[in-house]
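Report on one structure; see the data block that follows.
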Amino acid sequence: MSTAATEVIRVSGLTFTYPKAAEPAVRGMDFSVSSGEIFGFLGPSGAGKSTTQKLLIGLLRGHGGEVAVWGRSPLAWGSDYYQRIGVSFELPNHYQKLTGLENLQFFASLYSGETADPLALLEAVGLTDDADTRVGKYSKGMQMRLTFARSLINNPELLFLDEPTSGLDPVNARKVKDIILSLKARGSTIFLTTHDMATADELCDRVAFVIDGRIEAMDSPAELKVARGQRLVRVEYRGEKPGFETAEFDMDSLADDSAFHTLLRTHHVETIHSREASLDDVFVEITGRRLR
């Protein structure tokens, strides 16, 4: 659990309703995020993830409850707040007639402190060869990578990421994930909203399952999966028939299971796995919903 000494974000009783909306978008959320933590906000579209993120960034006003970042409301920080945070939105928003390099150079000029090298950022996200290409000619994936690079231009202490790997091929998604993990290793705090359970499972220290503006569960991915996994061990082995055969054994009695030991002695075992639930399985069990 977060302590006051290491706490970066604290949210208590957070509510928000858009003008003319019949129902609240956020309904009494409580959570905290510690320094150096990657905290995932997981849920389907319309669950309240992006609304919560916008409240934390200071883009929305009129909420109920309390929101504090570094002990103060985002709005109370004023312009100093944006010197310390980075934001990567799901939908790219760049100056289309400027090149990728010119976009980063322009945004770097808006900060009073030391900024990152734009060319180094472009290289990190695989856009070096397109540094001098107008952004209007970039594909969606390229623009997503440029958006991510731009969020890092001011060396932020706190980074807000909205679907950072959306629309990326596996190679470039891997680059973005590796950068996120390197930022965590350097002590950055990251608030990540996504419906991609695999990405959340790989990156996040803790995750919150969000449905209809409420947090339904919150813990580390490992704890959530272990708590709901089956205590079984599945063995794949080569038997008399072509291909693989499988057998399952109770994990708690494995040490004394004679059938398990016989199989190991008499067959060529290919794999042994525990029946751990996936994070997606856990989400469905807890919320009754599937992500789309």
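The values are calculated or read from the model by the stated rules, or taken from the named source; none is laboratory data. This structure is a prediction, so every number in the text was calculated from the model and none was measured. Cβ coordinates were reconstructed from backbone atoms using ideal geometry, including for glycine residues, and neighbour counts include every protein chain displayed. We work out accessible area using only protein heavy atoms, side chains counted, and drop any ligands, DNA or RNA first. Shrake-Rupley method; radii C 1.70, N 1.55, O 1.52, S 1.80 Å.
Annotations
- Some residue of the stretch 179-190 being closer than 21 Å to P44 by Cα and not polar (S, T, N, Q): yes
- Candidates V176, V171, V87 - the one that is surrounded by fewer than 20 Cβ atoms within 10 Å (Cβ to Cβ) and either touching a helix residue (DSSP H, G or I) at 6+ places or on another chain (Cβ under 6 Å) or not charged (D, E, K, R) (or both): V171
- Top-ranked residue in the stretch 244-260 [being of a type in the set (S, T, Y) and not in a strand (DSSP E or B); ranked as surrounded by the most Cβ atoms within 10 Å (Cβ to Cβ)]: S253
- If you go through the stretch 261-286 and pick out every residue that is at pLDDT 90 or above and either part of a loop (DSSP other than H, G, I, E, B) or acidic (D, E) (or both), you end up with 2.
- Number of positions in the stretch 227-243 that are under 17 Å from H273 (Cα atoms) and open to solvent by 50 Å² or more (accessible area, probe 1.4 Å): 7
- Any hit, the stretch 216-226, residues being more than 30 Å from G167 (Cα to Cα), open to solvent by 70 Å² or more (accessible area, probe 1.4 Å), not acidic (D, E) and not in a loop (DSSP other than H, G, I, E, B): yes
- Within the stretch 93-106, the residues that satisfy the criterion of being out of contact with any strand residue (DSSP E or B) (no Cβ under 8 Å at 6 or more places or on another chain), open to solvent by 40 Å² or more (accessible area, probe 1.4 Å) and in contact (Cβ under 8 Å) with a residue 24 or more places away in the chain are N93, Y95.
- Taken over the stretch 112-167, residues that are buried (at least 22 other Cβ atoms within 10 Å of the Cβ), of a type in the set (D, E, K, R) and out of contact with any Lys or Arg (no Cβ under 9 Å at 6 or more places or on another chain) amount to 1.
- The listed residues are L279, L263, and the only one of them that is within 16 Å of A198 (Cα to Cα), open to solvent by less than 30 Å² (accessible area, probe 1.4 Å) and not small (G, A, S) turns out to be L279.
- Residue ID - farthest from R206 (Cα to Cα), chosen from residues in the stretch 139-191 that are without any contact (Cβ under 8 Å) to a residue 12 or more places away in the chain and in a loop (DSSP other than H, G, I, E, B): S139
- Residues that are surrounded by fewer than 20 Cβ atoms within 10 Å (Cβ to Cβ) and in contact with a strand residue (DSSP E or B) (Cβ under 8 Å, 6 or more places away or on another chain) within the stretch 184-194 comprise just one, K184.
To keep it simple, each residue is scored yes or no on (1) in a strand (DSSP E or B); (2) within 25 Å of E202 (Cβ to Cβ); (3) open to solvent by 10 Å² or more (accessible area, probe 1.4 Å).
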position: G13; (1), (2), (3): yes, no, yes
position: A22; (1), (2), (3): no, no, yes
position: V33; (1), (2), (3): yes, yes, no
position: S50; (1), (2), (3): no, yes, yes
position: Q53; (1), (2), (3): no, yes, no
position: L59; (1), (2), (3): no, no, yes
position: V67; (1), (2), (3): yes, no, yes
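- Filter result for S35 (under 22 Å from the mean Cα position of the chain (by Cα) and either hydrophobic (A, V, I, L, M, F, W, C) or within 23 Å of L152 (Cα to Cα) (or both)): yes
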